[in-house]
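The values are calculated or read from the model by the stated rules, or taken from the named source; none is laboratory data. Since we're looking at a predicted model, the values are computed, not measured. Please note: Cβ atoms are built from the backbone with ideal geometry, for glycine as well, and neighbour counts cover all protein chains shown.
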Amino acid sequence: MQYRENMAVQTDNIIVVGSGVAGLVCALALAPRRVTLITKTNGLAGGSSVLAKGGIAVAVGADDSPSNHARDTLQAGAGLSDPEKALELAEDGIESLRLLVEKGVPFDRALDGTLELAREAAHTRPRVVHAGGDSTGEVLISSLARMVFATPSIQVLDNTFVYDLAVNDGQVEGLITLDPDNGWIFRQSSRVVLATGGIGTIWWQTTNPIESTGDGLAMAARAGAKLADLEFMQFHPTALAVTGDGARLPLLTEALRGAGAVLLDQSGQRFMIAEHDDADLAPRDVVARAIQHRTSSGQAVYLDLRPVIDSGQATLFPRALEAARKAGLDPASQPLPVTPAAHYHMGGVQVDRNGRTSINGLWACGEVATTGIHGANRLASNSLLEGLVYAQRVAKDVCSQSVRKRAGAHGKPDLPPIISILASVDLNSMLDTVRQSMSEFVGILRSANGLESVLSVLVDLDLQRQKANSPLPPTDFAMHGALLRYCEVRNVVLVARLVTQAALQREESRGAHFRDDFPNTRSTWERHQEMTINCLDEGDRAEVFRVAAS
Ligand code: SIN
């Protein structure tokens, strides 16, 4: 096929971008209103939600309550979680779970029929509802996907990449998509929901799928939306240390430690006992740092699953056992090598309690958004919960907005710059450089020198990437894969710069953000860090970021 020299124009009612739990639930909750659900993945089985192992934290246990749950959320959030919103989330989560159960999502149950509840780090009670043992994401997403395909008001466009939002006078007018059958399309709509997930792929070691390139965050940033808390990236302590090639690392769920698995150093000692009163179930950032201190000095760290297997609980963790066996390891006879890996972004596009961003007609929910609930460190299994609850709130709010009659009143945006000299730019090696630099200097342990060195690498890479642009449109379909790669690298570099800049500015240590040069928490920094890009011109990307405190 030939890419058109002009973009086609289409009009959509409501657009939801992303097919994780937040996108699917939002699209379903909007029915019977017409929704175009756009995802860059093939079908609805991509993204991070499908990989979620632990489950959904909900205060439904006999000795539990939303206020207990909220207290644990605040404790983990290290002073930056909003108490009111955390309590509302815990309360509304119970209703969201009830709806899923009513719709037939097969959560695991005990013999007496009650929901089985797992314990994860920093939860004072067992409260994690799961399905298929540690296959919760798979079970949940396949149930939701079936519902989506059975809902006639939802049109699914897969393999469709959103290049940018079109925003004029602070109002969304639509977005530009790229797909292999149609090339570029300007889709007019005055109501767009971003549910594009996280940014894990900007680090070399990550539990996220390769498609987590921060597309939603990047396009919201370019559109001028307010962003917040970008420095707070959660590193999961126990990814299986199997590959060194930058591919996604399998997650060994924290629920394994809740069920008795223990961390061992290379001499077989339980080092977490000396590190924290809660030992292996200490908050995630504490465990991740304890492991990182050892692995960065060349020592190996292991997770021993034998207490779980010996106590007859192996059937609860089919995915963990499968991942180990695939890597040629036998968890019944040897501890498994683990490493921390980029896992969940607490920061994102700033939203209010209805998921509204600072741009009219633009909502965000799920990992791309920051609601202020997770603070500096998300409590385990609060993310599927937040995705569910906020997706429903967003749907309600979208419905309450009157439709703007003249979306696209400012006409078609310009055709995006297109690469025609790709041969001279090695996008894959550019991506590898970003990811390795981020893991080395913007990972679990950070310092001004390292952060500044990464910023200069990123500025340089962005200039190289911009040189790849040419005004000539590519003429054949074979370019499509490379073009997509280019679009993702564009997002990765921008998001990496924003995260690094935010990390450099926060001169303290708090939650998941640890600065070797500022190892203590500072009261002056007990605040969120907002950010907007003040220069929207692609050709002028050596911008300074404007930062405001709130
Ligand atoms: C896990 O199962 O350990 C991860 C769950 C989460 O990140 O919430």
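Among the residues making up the range 65-83, those that are closer than 18 Å to ASP285 by Cβ and within 16 Å of the ligand (Cβ to nearest atom) are ASP72, THR73, GLN75, ALA76, GLY77, SER81.
List the residue pairs whose Cβ atoms are under 9 Å apart, where the first residue sits in the range 425-440 and is more than 15 Å from LEU498 (Cα to Cα), the second is of a type in the set (Asp, Glu) and outside any loop (DSSP other than H, G, I, E, B), and the two are 6 or more positions apart or on different chains. As it stands, the answer is LEU427/GLU488; LEU431/GLU488, since those pairs meet every condition given.
Please verify whether the range 471-478 includes one or more residues that are hydroxyl-bearing (Ser, Thr, Tyr), in contact with a helix residue (DSSP H, G or I) (Cβ under 9 Å, 6 or more places away or on another chain) and either within 25 Å of ALA342 (Cβ to Cβ) or modelled with pLDDT under 85 (or both). Scanning the range 471-478 turns up no residue that is hydroxyl-bearing (Ser, Thr, Tyr), in contact with a helix residue (DSSP H, G or I) (Cβ under 9 Å, 6 or more places away or on another chain) and either within 25 Å of ALA342 (Cβ to Cβ) or modelled with pLDDT under 85 (or both). Selection of the range 504-550 for residues being assigned to a strand (DSSP E or B) and at pLDDT below 50 yields PHE545, ARG546, VAL547, ALA548, ALA549. Among residues of the range 356-395 being polar (S, T, N, Q) and more than 15 Å from the ligand (Cβ to nearest atom), the one that is farthest from ARG257 (Cα to Cα) is ASN360.
Going by what's in this entry, would ALA22 be described as in contact (Cβ under 8 Å) with a residue 60 or more places away in the chain and away from the ligand (no atom under 16 Å from the Cβ)? Against the criterion (in contact (Cβ under 8 Å) with a residue 60 or more places away in the chain and away from the ligand (no atom under 16 Å from the Cβ)), ALA22 does not qualify. Listed by first and then second residue, the pairs linking a residue in the range 129-142 that is at positive phi to a residue that is among the polar types (S, T, N, Q), with Cβ atoms under 7 Å apart and 6 or more places separating them unless they lie on different chains, are GLY133/THR315. Select from the range 166-196 the residues that are within 25 Å of ALA482 (Cβ to Cβ), out of contact with any Gly (no Cβ under 8 Å at 6 or more places or on another chain), part of a strand (DSSP E or B) and of a type outside the set (Asp, Glu) and list them in ascending order. Result: LEU175, ILE176, THR177, LEU178, GLY183, TRP184, ILE185.
Out of ALA90, ALA86, ALA62, report the one residue that is in a loop (DSSP other than H, G, I, E, B), among the small types (Gly, Ala, Ser) and either farther than 27 Å from PRO209 by Cα or within 16 Å of the ligand (Cβ to nearest atom) (or both). Lay out the reasoning, then the answer.
Working: ALA90 fails: in a loop (DSSP other than H, G, I, E, B); ALA86 fails: in a loop (DSSP other than H, G, I, E, B).
It is ALA62.
Just the residues that are within 14 Å of the ligand (Cβ to nearest atom) and among the charged types (D, E, K, R), please, taken from the range 109-119. Explain how you work it out, then say what you get.
Taking the range 109-119 first, the residues within 14 Å of the ligand (Cβ to nearest atom) are 117-119.
Of everything in the range 109-119, just one residue is within 14 Å of the ligand (Cβ to nearest atom) and among the charged types (D, E, K, R), namely ARG119.
Residues in the range 25-59 that are within 16 Å of the ligand (Cβ to nearest atom) and either at pLDDT below 95 or on the phi > 0 side of the Ramachandran plot (or both): GLY47, SER48, SER49, VAL50, LEU51, ALA52, LYS53, GLY54, GLY55. Evaluating ALA122 against the criteria (1) away from the ligand (no atom under 16 Å from the Cβ); (2) modelled with pLDDT under 95; (3) touching a Pro at 6+ places or on another chain (Cβ under 6 Å) leaves one unmet condition, (1).
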